[in-house]
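One structure is given here, and the rest of the page talks about it.
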Amino acid sequence: MALRNFVLHTRDQIHLSPTAELFTYLADRTQHIDEVILPGLAEKKVILSDRYYDSSIAYQGEARGLGFDWVEECCVLATRGLAPDLTFYLDLAPELGFERFRGRKPDHIEQQKLSFHEGVRRGYQKLAAKYPERFVTLDARRTANELSSEALAIINKRFFNG
């Protein structure tokens with residue numbers, strides 16, 4: 001998390017190329033896997049994460065133009081092939097997303113141009129099409145309560161025979 005926060009919030013102080021940005025996120029993710037995910041899985045815990053390597057594929061691979069397939073290969077290598085069982089993609093038009101962070105200081109990613117955010121959305125849509133057994137797309141125009149209720153129902157059905 002510390003490396004991710006560094007990229008998001010101190011980026012004004014240094015320039016990172018898109019590739020350096022990718023590898024900084026991957027280093028942070030690898031550390032998180034070693035410290036949190038693998039020990040949790042060894043204890044048979046359920047692991048929930050708000051970001052994983054799909055984010056890198058969408059953001060750096062698609063939106064930053066590093067290449068969807070190449071970034072996916074880097075992600076698989078950095079995570080030793082550890083993939084999620086289920087991914088919720090909260091789909092929202094970038095214009096509506098911009099409205100959501102009005103009134104607060106946006107981080108480095110939120111400050112990017114509309115075309116960048118359109119690329120991120122395109123990247124997630126490509127991932128959802130490529131991995132339909134894992135991805136569930138939810139309409140993020142709905143309220144947080146509606147989204148969490150739907151997500152919990154899907155989790156219950158998929159993993160707990162509910």
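The values are calculated or read from the model by the stated rules, or taken from the named source; none is laboratory data. Values in this document were obtained by computation on a predicted structure and should not be read as measured data. Neighbour counts run over all protein chains shown; Cβ positions are idealised from the backbone, glycine included.
For segment 39-55, which positions are farther than 11 Å from Gly123 by Cβ and either in a loop (DSSP other than H, G, I, E, B) or within 12 Å of the chain's Cα centre (by Cα) (or both)? Talk me through it step by step, then tell me what you get.
Of all residues in segment 39-55, those farther than 11 Å from Gly123 by Cβ come to 39-53.
Across segment 39-55, the qualifying residues are Glu43, Lys44, Lys45, Val46, Ile47, Leu48, Ser49, Asp50, Arg51, Tyr52, Tyr53.
Exactly one of (1) among the β-branched types (Val, Ile, Thr); (2) part of a helix (DSSP H, G or I); (3) without any contact (Cβ under 8 Å) to a residue 60 or more places away in the chain; (4) closer than 26 Å to Ala129 by Cα is unmet by Thr24. Its number?
(4)
In segment 103-110, is there at least one residue being surrounded by fewer than 12 Cβ atoms within 10 Å (Cβ to Cβ), over 25 Å from Glu72 (Cα atoms) and under 19 Å from the mean Cα position of the chain (by Cα)? Walk me through how you get there before you give the answer.
Pass one, segment 103-110, residues surrounded by fewer than 12 Cβ atoms within 10 Å (Cβ to Cβ): 103-105.
Filter once more, so that each one left must be over 25 Å from Glu72 (Cα atoms): 103-105.
When the remaining residues are screened for being under 19 Å from the mean Cα position of the chain (by Cα), the result is none.
No, there is no match, as no residue in segment 103-110 is surrounded by fewer than 12 Cβ atoms within 10 Å (Cβ to Cβ), over 25 Å from Glu72 (Cα atoms) and under 19 Å from the mean Cα position of the chain (by Cα).
Of these, Leu22, Leu114, Leu90, which one is touching a Pro at 6+ places or on another chain (Cβ under 6 Å) and either surrounded by 13 or more Cβ atoms within 10 Å (Cβ to Cβ) or within 21 Å of Ala140 (Cα to Cα) (or both)? Walk me through it before giving the result.
Details: Leu22 fails: touching a Pro at 6+ places or on another chain (Cβ under 6 Å); Leu90 fails: touching a Pro at 6+ places or on another chain (Cβ under 6 Å).
After ruling out the rest, the residue left standing is Leu114.
Being touching a residue at least 12 places away in the same chain (Cβ under 8 Å), surrounded by 12 or more Cβ atoms within 10 Å (Cβ to Cβ) and within 23 Å of Glu150 (Cα to Cα), is that true of even one residue in segment 55-78?
yes
Please work out which one of (1) at pLDDT below 95; (2) exposed (fewer than 11 other Cβ atoms within 10 Å of the Cβ) is the condition Glu133 fails and give its number.
Against the list (1) at pLDDT below 95; (2) exposed (fewer than 11 other Cβ atoms within 10 Å of the Cβ), Glu133 comes up short only on (1).
Residues that are closer than 26 Å to Ile37 by Cα: list the helices (runs of 4 or more DSSP H) wholly contained in segment 56-162 that include at least 2 such residues. Give the steps one after another, and end with the answer.
Working: elements: 68-78, 94-100, 114-130, 144-160.
Fully inside segment 56-162 and qualifying: 68-78, 114-130, 144-160.
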